[in-house]
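Q: Dropping the structure in here first, questions after.
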Amino acid sequence: MRIIGIDYGDARIGVAVSDPLGITAQGIGTVKNKGEQKTMAELKKIIDEYLPEKIVIGLPKNMDGSLGFRADATYAFAELLKTVYSGEIVFWDERLTTVGAARYLNETNTVKGARKSVIDTLSACLILEGYMQKNG
């Protein structure tokens, strides 16, 4: 039973998937956010390939725990995702995942040009790993 993790953004959507046992997260890649139809078609391909039991979407929160300014857009994205996915969708506090991803890329000396293409995928992995550690 796999779980998909998503880091939603205006330009790119990072996607990760768990192994069948729900122990580790692997980055699948990034879906460019090119309008609702194209974006949902790309996500549907991923959903059809991995057949997840649930999808975990990172929910932007402020450091005090209140919802961040991107929360409404994330909820709207989740509603749109329901047009191509009928399973369970859960939200996971994504505070500091982008910071953690950037720190990891710094530690691994990832060059500036490559960072943009992997940071969203890495953030999706961190969201999914956090969810699995807490709920596994």
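Q: When you go through (1) open to solvent by 40 Å² or more (accessible area, probe 1.4 Å); (2) touching a helix residue (DSSP H, G or I) at 6+ places or on another chain (Cβ under 9 Å); (3) not aliphatic (A, V, I, L, M) one by one for Phe69, which number turns out not to apply?
A: (2)
Q: Would you please list the contacts, defined by Cβ atoms under 9 Å and residues six or more apart or on different chains, that run from a residue in the stretch 41-53 that is under 16 Å from Asp19 (Cα atoms) and acidic (Asp, Glu) to a residue that is assigned to a loop (DSSP other than H, G, I, E, B) and open to solvent by 80 Å² or more (accessible area, probe 1.4 Å)?
A: Taking only residues 6 or more apart or on different chains, the pairs are Glu53/Met1.
Q: Taking into account only those residues within the stretch 20-66 that are at pLDDT 95 or above and in a loop (DSSP other than H, G, I, E, B), which is surrounded by the fewest Cβ atoms within 10 Å (Cβ to Cβ)?
A: Among those residues, the one meeting the criterion is Leu51.
Q: Kindly indicate whether any position in the stretch 87-108 is open to solvent by 70 Å² or more (accessible area, probe 1.4 Å), modelled with pLDDT of 85 or more and not aliphatic (A, V, I, L, M).
A: yes
Q: Additional query: Where residues in the stretch 1-14 are more than 14 Å from Phe77 (Cα to Cα) and either at pLDDT 90 or above or touching a Phe, Trp or Tyr at 6+ places or on another chain (Cβ under 8 Å) (or both), which of them is least open to solvent (accessible area, probe 1.4 Å)?
A: Within the stretch 1-14, the first condition is being more than 14 Å from Phe77 (Cα to Cα), and the residues that meet it are 1-4.
Those still in the list that are either at pLDDT 90 or above or touching a Phe, Trp or Tyr at 6+ places or on another chain (Cβ under 8 Å) (or both) too: 2-4.
Details: Arg2: 64, Ile3: 19, Ile4: 4 Å².
Applying the filter and picking the extreme gives Ile4.
The values are calculated or read from the model by the stated rules, or taken from the named source; none is laboratory data. Keep in mind that what you see is a predicted model, and the values were worked out from it rather than measured. Please note: Cβ atoms are built from the backbone with ideal geometry, for glycine as well, and neighbour counts cover all protein chains shown. The accessibility values were calculated without ligands, DNA or RNA, using every heavy atom of the protein model including side chains. Shrake-Rupley method; radii C 1.70, N 1.55, O 1.52, S 1.80 Å.
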